[in-house]
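Any read-out appearing in this document is the output of simple, stated calculations on the displayed coordinates, not a laboratory observation. Every value quoted in this text rests on a predicted model; they were computed, and no experiment measured them. Cβ sites come from the backbone with ideal geometry, for glycine too, and all protein chains shown count toward neighbours.
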Amino acid sequence: MSNDKLAQEVPEGFEDIAEYLQRPLQEEEIRAKLRAEEEVEAMFAQQEAENEYYKRIAEEARVREGEERRQKEEERRHKEEAQIKLARLLLGTGMSVEEVALETGLSEEEVEKIR
């Protein structure tokens, strides 16, 4: 109720009483607005926490993918080194380039380079 309307409806001499009776209603409106504001702030805080969580998960996934790529590359390199060592050993025993290529999985061109 607005103050003008309140002044019109309240008999003369009772304005202080009417204003006093209005205060709890105004205070409840303020409390309701504050609760609503707190709820909105809580929603924003929760959303921000979720965003940070998903960012952290995505970063961890990128790190794992990078580690997996490095590990696969290292495994590939070790396998290649083992193939080359085996090829050298087999060539040293007198095996042909074709036979060494079949045994090691290397191409004949790669075995030729080792020889």
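Tally Lys and Arg at +1 and Asp and Glu at -1 over the other residues with C-beta under 13 Å from the C-beta of I57: what net charge comes out? Surrounding charge for I57 is -1. When the charge dipole of segment 3-114 is built from unit charges on Cβ atoms (+1 for Lys and Arg, -1 for Asp and Glu) and taken about the Cα centre, the candidate among V111, T93, G13 whose Cα reaches farthest toward its positive end is T93. Using only the alpha-carbon atoms, how far is helix 15-92 inclined from the longest principal axis of the chain? Give it as 0 to 90 degrees, nearest 10. That helix lies at roughly 0 degrees to the long axis. Put a plus charge on the Cβ of each Lys and Arg, a minus charge on the Cβ of each Asp and Glu, and nothing anywhere else: the dipole of the chain about its Cα centre is then about 1120 debye. Placing a pseudo-label 7 Å from each Cα along the Cα-to-Cβ vector at R70 and I30 gives an inter-label distance of 6.0 nm. Working note: 222 nm ellipticity from helices only, DSSP H runs with n ≥ 4, each -39,500 (n - 2.57), summed and divided by the residues of the chain, gives -31000 deg cm²/dmol to the nearest 500.
Fewest-first ordering of M43, M95 by other beta carbons within 10 Å of each residue's beta carbon gives M43, M95.
The residues packed around R31, meaning those with a beta-carbon under 15 Å from its beta-carbon, carry a net charge of -3 if Lys and Arg are +1 and Asp and Glu are -1.
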